[in-house]
Amino acid sequence: MSASLENVNELIESGYEHGFVTNIASDTIPPGLNQETIHLISAKKNEPEWMLAYRLRAFHHWLTMEQPNWAHLKIQPIDFQSISYYSAPENITGPKSLDEIDPEILSTYNKLGIPLEEQMALAGIAVDAVFDSVSVATTFRKNLAEAGVIFCSISEAVKDYPDLLQKYLGSVVPHTDNFFASLNAAVFSDGTFVYIPEGVRCPMELSTYFRINEAKTGQFERTLIIAEKGASVSYLEGCTAPTRDENQLHAAVVELIAMEDAAIKYSTVQNWYPGDKNGKGGIFNFVTKRGNCQGDRSHISWTQVETGSAITWKYPSCILRGNDSIGEFYSVAVTRGKQQADTGTKMIHIGANTKSTIVSKGISAAQGQNTYRGLVRMSIRAENARNHSQCDSLLIGDQCGAHTFPYIEVSNPTAKVEHEATTSKISDDQLFYCRQRGLSEENAVSLIVNGFCKEVFKELPMEFAVEAQKLLAITLEGSVG
Amino acid sequence: MLSIKNLHVVIDNKEIIKGLDLEVGAGEVHAIMGPNGAGKSTLAHILSGRDGYTVTQGKVLYKGNNLLSHTTEERSHKGIFLAMQYPVELPGVNNIVFLKEALNSIRVANGKKAIDSIQFMKLIREKAEQMKIPAKLLKRDVNTGFSGGEKKRNEILQMAILEPDLAIMDETDSGLDIDALRIVADGVNSLRNKNRAMIVITHYQRLLDYIQPDYVHVLSDGKIVRSGTKELAIELEEKGYGWLSQGAAA
């Protein structure tokens, strides 16, 4: 904690430091979405026939759907015809070795603080970096392959592992699931595929950094992670995007599948461009994330730190199908300026003795609006299932809002559901106390907010926890007084 | 060290301090006593720079400079420490982390190097032992779930670590049983030295049995109405504050 605080001042000065644009030649298709677009995307990616057919099914279904409006969000209408659905840095058709990569791209990652070379050498993290739509670098592939782990871009997986893809793609989030998931299924550009074979503990943390660079480019990642019987993996996803004036749509789909005794831990730190002070620009982050605890005693854990995006709409969920399976959701969501977030989780208990834990920390500052929306469903077979939910909101200032919508559906009389919620404010007394002890106001807020989020941060892998604390400090700079 | 001249302070259009004079020299311990509503806590707040108070007249010099133009944290950096009447809870903020941040903020503001974790742990263990503060208290979140006595002891521990030049204790005895009072007083006494000034604000004479002041002042209706030595406190305890206002009237 103290290490991050020492950097706070330096970071505060920097504003939205990821707001730069990389000048590289891009292969971008013209804006618009129709059947031709789908054919074009599929052709650009040299996809097999079944993949194209899947995309087209999704597209035709999407045409019959309406954009949902039930969330506690004010969303300007999105013109889906004004978005370009494919953008790739030129001359890159798939991952290459580091020295072949455009130095501009590498320097972009360096500015983001993720030097690939260094990470390869030091951190032991394999990075599959998604730059706009095509994976430009995949590291540590060899080490992982020795363990039998597959870690590659989803485009490669479509070609190299068609059986796995056809079996599992869309098995947790079907192409008919919801408006944005259907759109993703139709036009998804790239993303990550992870397969951990039976009994294998993935030897390193897997990580992907996403970046949206091209103006007006929607980014539609697709992530699929499968942990076979007794396998385990920890996956980190970090997101940053450069400054743009127009809203950019990000509609990703993440599917996790855990077989018997398998464990998947999925951590996200998201600091996409939130828009300027007046709410202009910023990312629309409309994401469908769902995990299927397919096997008995399987375990899926979502941890997210959401500080960016103009609008966040996401509910990482667990379907607890296997008996004794466990679902967890740990979340910190920060909104300030004109940011809006409607986020939470769904825990669907189907198997007996299933357990779920929800810890949600919402922080609202300035005019930020923060909504927790969660569903806990105990189905008729969920004997002795248990859930514990804790939703805490912290308000900074007097113009922000915190809202909580917990939905609880219990169809089995032996199931137990507990829900706790608190709302608190950083008090003048607390600030005075800290300042009397010599801390600056910024430092005081940072300490108090980090304290508020501690339960969630301790779930994050170490490097991410430090990054998350830094992000909070930057995000909340100047929120008080 | 501290020189207050004809101080007038207003909160919400109401005058609370009405022409207060006080001189505190280095190494001295001054007790300020007075009935509820006399302006004791207001004085503590105005010296430490709490928002919401307006000084309409008078001046406060600290080490020869105008104190009132500095922010709360600047005053802390210059060596002013307020042991609070109601120490606030900071849930999730570890006591050790908080104290280290505080000490380093003060050190850095004074052009010193920040102290590292290893040195700090050594320091805090040593001070905690002196203050008879159990190690488990250090590991908990700042004041969170602490008993009244633990909170006050924690304040004195902070004072021991931050080593202020002017320490103000606002009703440090309130809510303490006799054993806790003794421990807190022992802590305060161990911090007395020839360079450090202390202002002990209290409602009851009881605390002064344990912390022997050099001077005693009685604050009533926003002014110091009587100053003296320890004997004044004893007289007050016997006769009550009513005696004073009668005495003043006579």
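The values are calculated or read from the model by the stated rules, or taken from the named source; none is laboratory data. These numbers come from a predicted model, not from an experiment. When we count neighbours, we look across all protein chains shown, and the Cβ atoms used for this are built from the backbone with ideal geometry, even at glycine. These area figures cover heavy atoms from the full protein model, side chains too; ligands, DNA and RNA do not enter into them. Shrake-Rupley method; radii C 1.70, N 1.55, O 1.52, S 1.80 Å.
Listed values, structure above:
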item	result
Filtered residues of the range B:46-58 (kept if surrounded by fewer than 21 Cβ atoms within 10 Å (Cβ to Cβ) and closer than 18 Å to B:Phe81 by Cβ)	B:Arg50
Selection within the range A:408-435 - assigned to a helix (DSSP H, G or I) and open to solvent by less than 60 Å² (accessible area, probe 1.4 Å)	A:Gln430, A:Leu431, A:Phe432, A:Tyr433, A:Cys434, A:Arg435
Residue ID - most open to solvent (accessible area, probe 1.4 Å), chosen from residues in the range A:436-464 that are within 7 Å of another protein chain (Cβ to nearest Cβ) and of a type in the set (Gly, Ala, Ser)	A:Ser440
Counted residues, the range A:408-431 - those being touching a strand residue (DSSP E or B) at 6+ places or on another chain (Cβ under 9 Å) and within 14 Å of chain B (Cβ to nearest Cβ)	5
Qualifying residue in the range B:91-99 (condition: within 17 Å of the chain's Cα centre (by Cα), at negative phi and hydrophobic (A, V, I, L, M, F, W, C))	no
Test: residue in the range A:94-110 that is at negative phi, modelled with pLDDT of 85 or more and surrounded by fewer than 16 Cβ atoms within 10 Å (Cβ to Cβ)	no
Candidate set from the range B:69-117 (those that are charged (D, E, K, R) and more than 7 Å from every other protein chain (Cβ to nearest Cβ)); member that is surrounded by the fewest Cβ atoms within 10 Å (Cβ to Cβ)	B:Lys113
All positions within the range A:253-266 that are within 16 Å of the chain's Cα centre (by Cα) and open to solvent by 10 Å² or more (accessible area, probe 1.4 Å)	A:Lys265
Qualifying positions in the range B:193-216 - at pLDDT 90 or above and either touching a Gly at 6+ places or on another chain (Cβ under 8 Å) or small (Gly, Ala, Ser) (or both)	B:Asn193, B:Lys194, B:Asn195, B:Arg196, B:Ala197, B:Tyr215, B:Val216
In the range A:197-246, residue modelled with the lowest pLDDT [restricted to those that are in a strand (DSSP E or B), aromatic (Phe, Trp, Tyr) and closer than 30 Å to A:Lys277 by Cα]	A:Phe210
Wholly enclosed helices (runs of 4 or more DSSP H) of the range A:1-78 bearing at least 3 residues at pLDDT 55 or above and more than 23 Å from A:Asp160 (Cβ to Cβ)	A:35-44, A:49-63
Of all residues making up the range A:333-342, the number that are part of a strand (DSSP E or B) and open to solvent by less than 10 Å² (accessible area, probe 1.4 Å)	5
Test: residue in the range B:35-48 that is basic (Lys, Arg), more than 13 Å from the chain's Cα centre (by Cα) and at pLDDT below 95	no
Among (1) within 14 Å of chain A (Cβ to nearest Cβ); (2) under 19 Å from A:Asp429 (Cβ atoms) - the single one B:Lys40 does not satisfy	(1)
Test: residue in the range A:385-407 that is among the aromatic types (Phe, Trp, Tyr), without any contact (Cβ under 8 Å) to a residue 40 or more places away in the chain, within 14 Å of another protein chain (Cβ to nearest Cβ) and outside any loop (DSSP other than H, G, I, E, B)	no
Subset of the range A:279-298 (residues that are on the phi > 0 side of the Ramachandran plot, open to solvent by less than 10 Å² (accessible area, probe 1.4 Å) and touching a Lys or Arg at 6+ places or on another chain (Cβ under 7 Å))	A:Gly281
Qualifying residue in the range B:146-157 (condition: within 11 Å of chain A (Cβ to nearest Cβ), open to solvent by less than 50 Å² (accessible area, probe 1.4 Å) and within 15 Å of A:Gly438 (Cα to Cα))	yes
Residues of the range B:158-179 satisfying the condition of being over 23 Å from B:Asn36 (Cα atoms) and more than 14 Å from chain A (Cβ to nearest Cβ)	B:Asp179
The range A:267-302, residues that are of a type in the set (Ser, Thr, Tyr), modelled with pLDDT under 95 and part of a strand (DSSP E or B)	A:Ser267, A:Thr268, A:Thr288
